[in-house]
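Presented below is the structure to which this report refers.
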Amino acid sequence: QVQLVESGGGLVQAGGSLKLSCAASGTIFSIDVMGWYRQAPGKQRELVAEVTSGGRTNYAHSVKGRFTVSRDNAKKTVYLQMNSLKPEDTAVYYCKVDYNHVRYWGQGTQVTVSS
């Protein structure tokens, strides 16, 4: 079983920055993919960014060049550095971990970008 604890959400003005963190705990040996999804009101949950254990990254087109996903394998933690935030980035951000062919989700953290 994998538990995920997220932190770092909040309210920021457009153009500002936030950094999200998600720490995994439990009996874990090696996590394949770690990443972030988001869900805005009335919309489906969508991929924001993810990173494999080997460091390969994948980003949504809308965040490329503004967001950076990274991970610390020793700490079992994934990060999302968000720069040049826009009001349309407002959403609940969910950490996602794929481990042993099972997908785990964090509880979600609210990110609100004011114009």
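The values are calculated or read from the model by the stated rules, or taken from the named source; none is laboratory data. No experiment lies behind these values; they were computed from the predicted model shown. For neighbour counting, all protein chains shown are included, and Cβ atoms are generated from backbone atoms with ideal geometry for every residue, glycine included. For the accessible areas, the whole protein counts, side chains as well, though only heavy atoms, and no ligand, DNA or RNA atoms are used. Shrake-Rupley method; radii C 1.70, N 1.55, O 1.52, S 1.80 Å.
A few points about this structure:
- For the options 14, 24, 91, a Gaussian network treatment of the chain with springs between C-alpha atoms closer than 10 Å singles out 14 as fluctuating the most.
- The residue list 100, 90, 79 was ranked by how far each Cα lies along the charge dipole of the stretch 75-115 toward its positive end, using unit charges on Cβ atoms, and 100 comes out on top.
- In summary, the aspartates and glutamates within cross-link reach of residue 64, defined as a Cα separation below 13 angstrom excluding same-chain residues under 8 places away, comprise 50, 89.
- Accessible surface area normalised per residue over the chain is 54 Å², counting heavy atoms of protein chains with a 1.4 Å rolling probe.
- Share antiparallel - DSSP beta bridges, the chain, percent rounded to 5: 90
- Using θ = phi - 60° in the Karplus curve 6.51 cos²θ - 1.76 cosθ + 1.60, the 3J(HN,Hα) couplings for the stretch 88-99 round to 6, 7, 4, 4, 8, 9, 10, 6, 10, 10, 9, 9 Hz; x is entered for Gly and Pro.
- Sulfur and carbon atoms: percent of accessible area, the chain [1.4 Å]: 48
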